[in-house]
Amino acid sequence: MSSLTAIIGGTGLTRLDHLTLEGRQALTTPFGAPSAELVFGRLHGQALVFLARHGDPHIVPPHKVNYRANIWALREVGVTSILAVAAVGGIGAAMVPGKIAVPDQLIDYTYGRAHTFFEDDLDAVTHIDFSRPYTPWLREKLLNAGKVAGIDVIDGGVYGCTQGPRLETPAEITRMERDGCHLVGMTGMPEAALARELDIDYACCAVVANWAAGKQAGEITLAEIEANLVAGMADLATVLQHWVQS
Ligand code: HPA
């Protein structure tokens, strides 16, 4: 079976450096338009598709992303696996700003998002298995790429997905920590579940942009987020290079 990988880029990754551009496609889907044109190209020789989750330019907030259109459009062009890059806040002690983590579980705290394809015109009520929300082989491939690249990529962690666009209160983060979350972001759901509904392999590469609210003294600033993302994204580019070549 032929396979095609997509990278969905989040905050800090609106465009993929080193991608040799081969084409762009503006698609419409039964759910509306995706966040941006799909970008086709080669990364270090490997064909892939890139989609900017928040649009290009970066203007679509997390709760307004048309997750269904994004995943549907990628399936339409033959994508079989997705690597989702996401900026997150660090809750667990290991989730230091600038680090990259590959979560293995998630908790969904979002509300009001169109979160399933299995809604209307059904032949039967459908429940997908979501015991392992991130595809194990894709996670392994990422972790191996980190090893080969000599970059410390954190194996595992629970990603808690909040609604945004505001950041959390320290009390919310304390609750999430009690729930078992190690990372907090705003875009992991329903993206992961929609990919599973369409049988697309999916893993998340979380780049820690800041300590989550209450985990450091003072407020979280955009300047701090941006600075940490620059460092994290530089490491991510190296991991991706080894990932596509493995
Ligand atoms: N909370 C939620 N989403 C985020 C954060 C955060 O602290 N940092 C980057 N994305």
With a ≥ b ≥ c from the Cα gyration tensor eigenvalues, square-rooted, and the rule rounded for a/c under 1.5, otherwise prolate when a/b > b/c and oblate otherwise, the range 164-212 is prolate
Looking at the range 5-245, what % of its DSSP beta bridges pair antiparallel, to the nearest 5? 35
Find the centroid of the Cα atoms in the range 118-177 and in the range 21-47, then give the distance between the two in whole Å. 23
Calculate, for the range 73-191, the solvent-accessible area per residue in square angstrom, rolling a 1.4 angstrom probe over the heavy atoms of the protein chains. 46
Could you size up the charge dipole of the chain around its Cα centre, putting +1 on the beta carbon of Lys and Arg and -1 on that of Asp and Glu, and report it in debye to the nearest 20? 380
Would you please report the Å³ per residue occupied by the convex hull of the alpha carbon atoms in the range 5-245? 118
Would you be so kind as to identify which of L43, A231, P57 lies farthest towards the positive end of the dipole of the chain, taking Lys and Arg as +1 and Asp and Glu as -1 on Cβ and the Cα centre as origin? A231
When the chain is treated as a Gaussian network with springs between alpha carbons less than 10 Å apart, the largest mean-square fluctuation among T126, T169, T29 is found at T126
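Less than 12 Å Cβ to Cβ from I200, Lys/Arg counted +1 and Asp/Glu -1: what total charge do the surrounding residues give? Walk me through the numbers on the way to the answer.
On the way: positive: R75, R196; negative: E76, E191, E197, D199, D201.
Result for the neighbourhood of I200: -3.
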Estimated vicinal HN-Hα couplings, Hz - the range 104-118 in sequence order (Karplus 6.51, -1.76, 1.60; Gly, Pro = x): 10, 9, 8, 10, 9, 10, 7, 8, x, 8, 5, 10, 8, 8, 9
Nearby aspartates and glutamates by direct alpha-carbon distance to K99 (threshold 13 angstrom, same-chain neighbours under 8 apart not counted): D152, D155, D235
For the range 40-49, 3J(HN,Hα) per residue [Karplus equation, 6.51 cos²θ - 1.76 cosθ + 1.60, θ = phi - 60°, Hz, x = Gly/Pro]: 9, x, 10, 10, 6, x, 9, 5, 7, 10
Contact order relative to length for the range 1-84, counting C-alpha pairs under 8 Å separated by 6 or more residues, stands in percent at 41
Placing +1 at every Lys and Arg Cβ and -1 at every Asp and Glu Cβ, with all other atoms neutral, what dipole size does the range 41-99 have around its Cα centre, in debye to the nearest 20? 60
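The values are calculated or read from the model by the stated rules, or taken from the named source; none is laboratory data. Keep in mind that this is a model prediction, so the values were computed, not measured. So basically every Cβ, Gly included, is an ideal-geometry build from the backbone, and we count neighbours across all protein chains shown. Remember, those area values only see protein heavy atoms, side chains included, never the ligands or the DNA or RNA. Shrake-Rupley method; radii C 1.70, N 1.55, O 1.52, S 1.80 Å.
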